[in-house]
Amino acid sequence: MILALLIVLLMVGGILAWVAGRFNANFSRWIALLTTLASFLLTISLWLNNPTTTVKATNWMMRYEVPWVPQWGVSFSLALDGLSLLMLLLTFFLGLLAILVSWREIKTKVGFFHFNILWVLAGISGVFLTMDLFLFYFFWEVMLIPMYFLIGIWGHANRMYAAYKFFIFTQASGLLMLLSILGLYFIHGANTGTYTFNYFDLLGTTFPPNIGPWLMAGFLMAFLVKLPVVPFHSWLPDAHSEAPTAGSVILAGLLLKTGAYGLLRFVIPLFPDAAQSFAPWAMLLGVVGILYGAILAFSQTDLKRLIAYTSVSHMGFVILGVFSFNEWAFQGVVMQMITHGISTGALFIMAGFLYERLHTRDIRQMGGFWPAIPKMGVFALVFAMASLGLPGLGNFIAEFLTLVGSWQANNLLTIFATIGLVAATVYSLRILQKVFLGKNKTEHPLTDFSFREVLIALPLVLAILWLGLYPQPVLDRAKPSVDEQLEAYKKPTIKPETPAQVTMQTLPADTVSLLNTKGGIHALK
Amino acid sequence: MELTFYLAAAVAIIATILVVTQYNLIHALLYLVVSFMAIAVVFFTLGAPFMAALEIIIYAGAIVVLIIFVIMMLNLTHEDVQHEKEWLKPSVWIGPAVLSLILLAELAYIFMASETSAVATQPVEAKAVGMALFGPYILGVELSGMLLMAGIVGAYHLGRQKKKIVHRFLERTEA
Amino acid sequence: MNTIPMEQGLLLAGILFIIGLISVLIRRNIIFMLISVEIMLNAAGLAFIVAGARWIQPEGQVMFIFIITMAAAEVSVGLALILQLYHNLKTLDSDAANVMNG
Amino acid sequence: MENLLWLVPALPFAGALILILTGTRLSRALVSVVGVGSLGVSALITLILGSQFLSSGPTEPVYHQVVWQWFSVAGFSPGIAFHLDALSMVFIFVITFVGFLIHLYSTAYMADDDGFARFFAYMNLFVGSMLVLVLADNLLLLYLGWEGVGLCSYLLIGFWYKEPANGYAARKAFIITRVGDTAMAIGLFMLFQLFGTLHIQTIAAEAPQTWAVGSQAAVIISFLLLGGAVGKSGQLPLQTWLPDAMAGPTPVSALIHAATMVTAGVYLITRMHVIFELAPVAMLTVAIIGAITLLLAGCAALTQSDLKRVLAYSTISQIGYMFLALGVGAWSAGIFHFMIHAFFKALLFLSAGAIIISLHHEQNMFRMGGLHKLLPAVFWTFLIGSASLAALPLITAGFYSKDQILWYALAGERGNTWLYAAGLAGAFITSIYTFRMVFITFYGDPKTHVAHPPGPIITVPLIILAVLSLVGGFIELPHNFGHVVLFSDFLTPMLPAIHANEAIVNSEWMFQLVAAVVSLSGVYLAYVFYLQKPALQTNLEQSGLAMAIHRFWYSGWGFDKLYDTLFVRPFVFLATVNKNDFIDKIYAALAALARGLNQGLARTQSGILRWYMMGVVVGALLIITLSLLP
């Protein structure tokens, strides 16, 4: 019940904010802020009230299910496990920040703006919670349309183009997913006689030969476009750079994560065989994304576009990890989803603050801002370092775990992915150099952070530090879900048992040759 | 009778060709009347005398008169004939004509390919036609009536010289 | 009494139809186009009559009556439209009425 | 007392945190107190720990402290845990103590700088990270420190950020070391895959049982770790960043790019010596890299005109000696040289800094001269540092440490004549460039006016370091020469001892003599060349070949240019060519196609009636023709 309440709360709040916006813009802002805050606190209370998820019987903390269209097997089915909980926390955290950064930035149609923000958040929460594929598709669309308005109405100069592009890419890929959902529905119905969209029932569906990969392809298209993976990334730089700051934060921080979440939650458990055979290609796509995104990020002169391409690069790690099929990689992916949401969201917020002061996003016109805005410089430094994966910050844990995991699966690709870290250094330092260091080129008077801005940036820094130094609570939360996704995985190529146990327990004389044949070394030759 | 048929057919074809090649509307209409009359003769030879009468009364009579009325209302002058001449250049008509002739050739091929059969000698009486019309085809008759009704109302409505254009988007076209 | 082959009758109908068709295609004067459509309709009616005569059935003539009715209605509405067109555009050129092009 | 261990890195971090949070609101005096004080307390704790360590004897030579469990995923559970053994002890002693002196010195050196608080924040952050690096009990935490010092190095090289060249040098340093780190990270993945842990002691205990000597996995891992080490330590082929890193303030060069961070590679190899010993090929490579680097960097140092660049190349060269020592298995000799090098190189940099600040940030040696009368205190300390660097026999610490390396390069089990010859040649070059520097800077005619002579806060650290540079060597003397083995004994529980070749062990004095003669003759040559007969110099300058070599060496053997053409330009080219993302163009083409089709079809809707009719006719024709075809 509380799960449905979360979504309904946001939706009702959105409508209220819209109505209130007709009378007073500030009402609308406060309603949106309080609604999101309420959802955030509600989620935190969910976390606190479910201290451990080690109840072996089920990994699901709570479920809520009422029939919706029973004749078609559609139900309004929500469920919460560790992964969903983490994603919800991230959603509301970034949602709060998105509303706060828009406080001064958005001056037109304030009511409608907050309606859209809250509905996007509602859609995203729905995606993270729903366990019914029909409902999943419904929420998938719910988060799409308000986002279209956010970009199209409050965006920058080229906003309509970006909004169309975003809409067409995600909508087209979403339709492919709908096809796959229907295919799954009918195949499962034909197999068992019960036609249902329920996720738990659909798990373990067996497919006629050659059908599985096609059905998976439909899901994959939707998620890979959303993620995005090169070569489907081209909507992202436009959408990110043209969207208002709040839009960019939500896009980068949350919408991309729905793609990653979908991969973990749907593709891997539903299509174990197909996913396994696709894995090398997916990992290759991931590595290409990491390097390609990094190189493009380096060459951009539009700050928001640059950050957008770093997202492409970072999301490459997600797909690399997802298709490595082991616990390290999966935990790395979960961490990457959260930390990337925070660090890239933070970078977009920085870009937004700079835009408010300079009215440009062109980094060629920036430089030498450190003396004028040292506070902002320190914050930006932290986020840039997070983006390049400095140990001690959250992104490092994510990337290191992902790479440790992917190393077990594929050595060569992992090496290239690791080289991506060097490229990440190159572009992250470029941001710092071009914006904060060097000589000041503009005579523009700059004001350092106001209290509101510190209030926005500080939680982000604390979060990223906390995730970097003590990520264990997050990892513990995610562990049952991660295990479950792996369990559905029938015949992994790499056994998820740790090689440590092999080496530590038995040490025969010829362990050397045994280790040498275990893979890893031969791939290097 | 055969000779009559062929003669009438030839007249019909020639008259029709003349209709489409005339520049002056009135001349064309006169040839059209000739064409209709020739076709009426063909009907007669084919044993449909009632239809021949209808052809003359409705086509050659009513319809052509209607058109002539309209032409008179439009007050056409010599200029329009000149326009007609300009518009009807070989470069304009050669392409469609060739295509249409190919179509004709194909039609002719289809007719000729089927086995030859003579048209029967007996005429079909007007009574039989009437029995059929008001028997199985009564619904068609009623629909035709409605069509005519709609035609009359439509023609009246469209033909009115409206001082004021009702549609607000088109107001600028009307003074 | 007579032995007119059906093909010949149909051929006549075909020739008349094609002449009308050519005229529709090449004429720009909208009244000429209307006349040409009449020729084509008439040719179609002729084909029905020929077929009715071949099988000695009244249906061919029934169809002709329907066609004639339709032609009358069409001409009346068509002429009204022509009047309106001329009234609005001051010309009989059908190409001038291309304001609905894509 | 050992529970205080975590405070050693935590205090500098706390200092940095305070300085970052309070920013510029603190007064300079308070900033100094926080910045220097935190490190001072840290050094004090180190001394306490060290005394306890020494007094506890060999029975319990290791302190271990888990501060908290970092994370734990499927058996991969590194902790924020510190491990103090003899090796770490030496390192934290050098880091906190030398670091403290340099901080103290910086309060005077940076006194007029706008970014005073920022400077100390970075410096404290650096010291904290460096301490984490050497105290880490697992490789992941070590990696944290490793990257942390890289970040601080970046920040401090680019400290004067208004000059774009400084920013460039800073980025270069970070990126090049990151290349090495990537290799190291891959090494960590492999280690984890094979051992299921990154805990250093566990790996060290299991590796010899798991692998035979020369096993493939050990070789690959050693090479990957070596990649990280050469990046951080400025060794071939990743040495190009270090000379440029001199763009930072001089105390930074002293602390980071001479005494501590650049020796992290030495630490890493020593720390993982178990794996390296299982991979003789890697060991040999380490030695060869060290030998080649020390020669290349020495030659490059001969030609530099910037005082700090000479010192930078000399640092590369001296670390080359350490690598040589590690490569031949003389672990304790390498660490000994590290410690002595930290003393005298910090001394040299700080003295150079004193000169530079006295001369209004003049760094070109050829615009100095005659300073031995103008800045006597600095002259003497610089001279002592130089003597130690040039390894003048008997009195300097540098002689004992370097001699040990040379001896084992020849007489050690893995040593050979070539390595010895390279080391000897290096020693000769070292004493030439060192005294070239001394003579040009301090003798001849004064060319620049001395603005402010250094105050006591600057000279006191110099004097302390100078004393250490002289007497530091006496804790480890050759066996034919006093036979003091305090240092190697200290390290023995931790590092395997090296055994000299019995055949030539008795003629050790001969090799010592050769080394002494070589270094002295280098000094003499420099004296002749730069002081006695400067005409020789002009003669040399007239020869084209000599000038070409000069230019080549001056540019650091052209490595910068090489990497520029090999890596930087292709990358930049690739990036700029594809700035607008060619994949986007594919989608744009798709959109253009749709739009073109739309326009094409829209054109058929011409509004001309006859055109539509024509369409009908063509359609009918097509259908009929098709139906007629058999």
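The values are calculated or read from the model by the stated rules, or taken from the named source; none is laboratory data. All values reported here derive from a predicted model rather than from experimental measurement. So basically every Cβ, Gly included, is an ideal-geometry build from the backbone, and we count neighbours across all protein chains shown.
List of remarks:
- Residue check for A:I342: in the same structural domain as A:A222 (by TED's automatic domain parsing) and modelled with pLDDT of 90 or more: no
- Flag if B:E86 is within 10 Å of chain C (Cβ to nearest Cβ), closer than 26 Å to C:I22 by Cβ and touching a Gly at 6+ places or on another chain (Cβ under 9 Å): no
Condition check ((1) part of a helix (DSSP H, G or I); (2) among the hydrophobic types (A, V, I, L, M, F, W, C); (3) within 24 Å of D:I289 (Cα to Cα); (4) at pLDDT below 80) across all residues:
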position	(1), (2), (3), (4)
D:H337	yes, no, yes, no
D:H360	no, no, no, yes
D:F366	yes, yes, no, yes
D:K373	yes, no, no, yes
D:W380	yes, yes, no, no
D:L394	no, yes, no, yes
D:D403	yes, no, yes, no
D:A422	yes, yes, yes, no
D:A427	yes, yes, yes, no
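- Scope the stretch D:554-604; condition among the charged types (D, E, K, R) and away from chain A (no Cβ under 14 Å); matching residues: D:D560, D:K561, D:D564, D:R603
- Whichever residue in the stretch A:209-224 is surrounded by fewer than 24 Cβ atoms within 10 Å (Cβ to Cβ) and part of a helix (DSSP H, G or I) and, among such residues, is farthest from the other protein chains (Cβ to nearest Cβ): A:G212
- Every listed requirement among (1) more than 12 Å from chain D (Cβ to nearest Cβ); (2) surrounded by 18 or more Cβ atoms within 10 Å (Cβ to Cβ) is met by C:K90 save one, (2).
- Test for B:V70: is it in contact with a Phe, Trp or Tyr (Cβ under 8 Å, 6 or more places away or on another chain) and surrounded by 13 or more Cβ atoms within 10 Å (Cβ to Cβ): no
- Selection within the stretch D:133-144: residues that are within 9 Å of chain A (Cβ to nearest Cβ) and in contact (Cβ under 8 Å) with a residue 60 or more places away in the chain. The member of this set that is farthest from A:A398 (Cα to Cα) is D:L141.
- For the stretch A:451-484, filtering for residues that are in a helix (DSSP H, G or I), buried (at least 21 other Cβ atoms within 10 Å of the Cβ), within 19 Å of the chain's Cα centre (by Cα) and not small (G, A, S) leaves 8.
- Residue match in the stretch D:246-269 (condition: of a type in the set (F, W, Y) and either surrounded by 24 or more Cβ atoms within 10 Å (Cβ to Cβ) or touching a His at 6+ places or on another chain (Cβ under 7 Å) (or both)): yes
- Odd one out for B:I39, checked against (1) under 30 Å from B:Q82 (Cα atoms); (2) at pLDDT 90 or above; (3) buried (at least 23 other Cβ atoms within 10 Å of the Cβ): (1)
- Residues considered: D:L406, D:L394, D:L465. Of these, the only one that is surrounded by fewer than 24 Cβ atoms within 10 Å (Cβ to Cβ) and either assigned by TED's automatic domain parsing to the domain that holds D:F529 or under 24 Å from D:G320 (Cβ atoms) (or both) is D:L394.
To keep it simple, each residue is scored yes or no on (1) modelled with pLDDT of 90 or more; (2) within 14 Å of chain D (Cβ to nearest Cβ); (3) touching an Asp or Glu at 6+ places or on another chain (Cβ under 7 Å).
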| position | (1), (2), (3) |
| --- | --- |
| C:G45 | yes, no, no |
| C:F48 | yes, no, no |
| C:P58 | no, no, no |
| C:V62 | yes, no, no |
| C:A96 | no, yes, no |
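- Failed item in (1) touching a Pro at 6+ places or on another chain (Cβ under 8 Å); (2) more than 9 Å from chain D (Cβ to nearest Cβ), with A:L412 passing the rest: (1)
- Within the stretch A:105-205, helices (runs of 4 or more DSSP H) holding 3 or more residues that are among the hydroxyl-bearing types (S, T, Y): A:159-192
- Condition met for D:T293 (in contact (Cβ under 8 Å) with a residue 60 or more places away in the chain, more than 23 Å from D:A218 (Cα to Cα), surrounded by 24 or more Cβ atoms within 10 Å (Cβ to Cβ) and hydroxyl-bearing (S, T, Y)): no
- When residues of the stretch A:342-384 are limited to those that are of a type in the set (G, A, S) and in a helix (DSSP H, G or I), the one surrounded by the most Cβ atoms within 10 Å (Cβ to Cβ): A:S343
- Set D:E206, D:E277: member being charged (D, E, K, R) and within 14 Å of chain A (Cβ to nearest Cβ): D:E206
- Considering residues of the stretch B:56-68 that are more than 8 Å from chain C (Cβ to nearest Cβ) and of a type outside the set (G, A, S) only, the residue nearest to the chain's Cα centre (by Cα): B:V64
- Qualifying residue in the stretch C:33-44 (condition: farther than 17 Å from B:V64 by Cα and of a type outside the set (D, E, K, R)): yes
- Checking B:L76 against (1) touching a helix residue (DSSP H, G or I) at 6+ places or on another chain (Cβ under 6 Å); (2) outside any helix (DSSP H, G or I); (3) facing chain C (nearest Cβ under 9 Å), the condition it does not meet: (1)
- Just one residue in the set A:L412, A:L437 is farther than 29 Å from D:G79 by Cβ, at pLDDT 85 or above, of a type in the set (A, V, I, L, M, F, W, C) and out of contact with any Cys (no Cβ under 7 Å at 6 or more places or on another chain); that residue is A:L412.
- Exactly one residue out of D:Y105, D:Y122 is assigned to a helix (DSSP H, G or I), of a type in the set (S, T, Y) and farther than 21 Å from A:L390 by Cβ, and it is D:Y105.
- Enumerated helices (runs of 4 or more DSSP H) restricted to the stretch D:195-285, each holding at least 3 residues that are under 22 Å from D:G145 (Cβ atoms) and within 15 Å of the chain's Cα centre (by Cα): D:216-233, D:250-254, D:264-271
- Taking each residue of the stretch D:171-200 that is buried (at least 24 other Cβ atoms within 10 Å of the Cβ) and looking for partners that are part of a helix (DSSP H, G or I) and of a type in the set (K, R) with beta-carbon atoms closer than 6 Å, six or more apart or interchain, yields D:T177/D:K232.
- If you check A:M11, A:M87 for being part of a helix (DSSP H, G or I), in contact (Cβ under 8 Å) with a residue 12 or more places away in the chain and within 25 Å of A:M350 (Cα to Cα), only one passes: A:M87.
- Hits in the stretch B:125-160 - residues which are in a helix (DSSP H, G or I) and among the aromatic types (F, W, Y): B:F134, B:Y156
- Under the condition of being more than 56 Å from the chain's Cα centre (by Cα) and assigned to a helix (DSSP H, G or I), the residues counted in the stretch D:581-622 number 25.
- Selected residue (criterion: farthest from C:V37 (Cα to Cα)) from residues of the stretch B:1-18 that are in a helix (DSSP H, G or I) and facing chain C (nearest Cβ under 7 Å): B:E2
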